[in-house]
Amino acid sequence: MRILAIISGEYGQRHVDNIRRHAPEGWTLETWKAPAAFPLIIDYPEDFLPQSFAPADLILSFAETKSVAELIPEIAMMTGARGVIAAVDNEAWLPRGLARQLTGWLARMNVACTTPKPLCSLTEHDYKVTRRERETYESEVIAEFAKYFGQPDIRLSVDEATRTVSRAEVRVDAVCGCARHVAEKLVGLSVDEVEERAGLFHHHFPCLASMVKLNDYNHDTLMHESGHLLQENLAEQLKPFVQKKYITPGTKAE
């Protein structure tokens, strides 16, 4: 698969570096650094683009300015891309209304577009747009990317005798590499502490999603939502091993 990543700063560069380190054999990844400043209205997108791009199947937008969204249809046309993933790890970089516009512009070109919010909510068939809403999509190239990078899937093996994690295999990494970072630290932990410690490891990576509180996430942040997605993946697997303690009111704990 041929990929073009649009970046504008350290946020996007970290994503690109992780993809390059762990992409399947046969993938190629080119990057384009978008201009640092744009006018309020972009009349001619071609004025801000190079004369040509290498052909690409998939465009990844990690831009840290909303103006780049107006360039993406032109870039898709120039590259021949069949799919676009425009990350929403900070709503200031791609507001919800603009994300819908971008999806519509590309749909008219028969180019699939996903706008996962946060980026690590992307799966092979859908992605989050609010805390309770997921949007489905149909795109072979986006689904192929999401098989390896998207909503984290860490498969745990547990030593039942010691109730500790004996292995943590990353089947799907977050695009930024956070899931791989967390998995490396889980081996040897008691099953009773895995979920909480995973949340701390996730934040200390550090997670690259925004800390701005959002109404459509119940006044929570995308950084916390990202952590919840990872913890939920682990908690479901640990249910058979975690020992629950119950306290009866009016009695002393043993």
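The values are calculated or read from the model by the stated rules, or taken from the named source; none is laboratory data. These numbers were taken from a predicted model, which means no experiment stands behind them. Counting neighbours? That spans all protein chains shown, and the Cβs are built from the backbone with ideal geometry, glycine included.
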At least 2 residues that are in contact with a Gly (Cβ under 9 Å, 6 or more places away or on another chain) and in the same structural domain as Gly83 (by TED's automatic domain parsing) in each: list the strands (runs of 3 or more DSSP E) lying fully within region 109-153 that qualify. 112-114
What residue, among those in region 154-170 that are among the basic types (Lys, Arg) and not in a loop (DSSP other than H, G, I, E, B), is nearest to the chain's Cα centre (by Cα)? Arg155
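Let's see how each residue does on (1) under 18 Å from Val111 (Cα atoms); (2) buried (at least 16 other Cβ atoms within 10 Å of the Cβ); (3) among the hydrophobic types (A, V, I, L, M, F, W, C):
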{"residue": "Arg2", "(1), (2), (3)": "yes, yes, no"}
{"residue": "Ala5", "(1), (2), (3)": "yes, yes, yes"}
{"residue": "Glu10", "(1), (2), (3)": "no, no, no"}
{"residue": "Thr28", "(1), (2), (3)": "no, no, no"}
{"residue": "Leu71", "(1), (2), (3)": "yes, yes, yes"}
{"residue": "Gly80", "(1), (2), (3)": "yes, no, no"}
Of Asp57, Asp43, which residue is assigned by TED's automatic domain parsing to the domain that holds Ile142, of a type in the set (D, E, K, R) and in contact with a helix residue (DSSP H, G or I) (Cβ under 6 Å, 6 or more places away or on another chain)? Asp57
Any residue that is of a type in the set (Ser, Thr, Tyr), closer than 25 Å to Met211 by Cα and surrounded by fewer than 18 Cβ atoms within 10 Å (Cβ to Cβ) - is there at least one of those in region 114-130? yes
Residue in region 22-31 that is over 24 Å from Leu222 (Cα atoms) and among the hydroxyl-bearing types (Ser, Thr, Tyr) present: yes
In region 173-195, what residues are of a type in the set (Val, Ile, Thr) and buried (at least 22 other Cβ atoms within 10 Å of the Cβ)? Val175, Val182, Val191, Val194
Here is a list of conditions, (1) outside the structural domain of Asn215 (by TED's automatic domain parsing); (2) modelled with pLDDT of 95 or more, and His202 meets all of them except one; can you say which number that is? (1)
Condition first: among the basic types (Lys, Arg), within 26 Å of Arg96 (Cβ to Cβ) and modelled with pLDDT of 95 or more. Can you find one or more residues in region 51-70 that meet it? no
In this structure, does Ala23 turn out to be buried (at least 16 other Cβ atoms within 10 Å of the Cβ), small (Gly, Ala, Ser), in contact with a Phe, Trp or Tyr (Cβ under 8 Å, 6 or more places away or on another chain) and farther than 16 Å from Thr65 by Cβ? yes
Please go through region 171-226 and pick out each residue that is outside any helix (DSSP H, G or I) and of a type in the set (Phe, Trp, Tyr). Phe205
Scan (1) part of a helix (DSSP H, G or I); (2) modelled with pLDDT of 95 or more; (3) over 22 Å from Glu184 (Cβ atoms) for the single condition Gln231 breaks and write down its number. (3)
Of (1) more than 22 Å from Thr123 (Cα to Cα); (2) of a type in the set (Asp, Glu); (3) surrounded by 15 or more Cβ atoms within 10 Å (Cβ to Cβ), Glu160 fails just (3)
Limited to region 206-222, what total is found for residues that are without any contact (Cβ under 8 Å) to a residue 40 or more places away in the chain and either of a type in the set (D, E, K, R) or crowded, with 16+ Cβ neighbours inside 10 Å (or both)? 3
Residue set Glu144, Glu124, Glu138, Glu169; condition more than 22 Å from Ala81 (Cβ to Cβ) and at pLDDT 95 or above; output residue Glu169
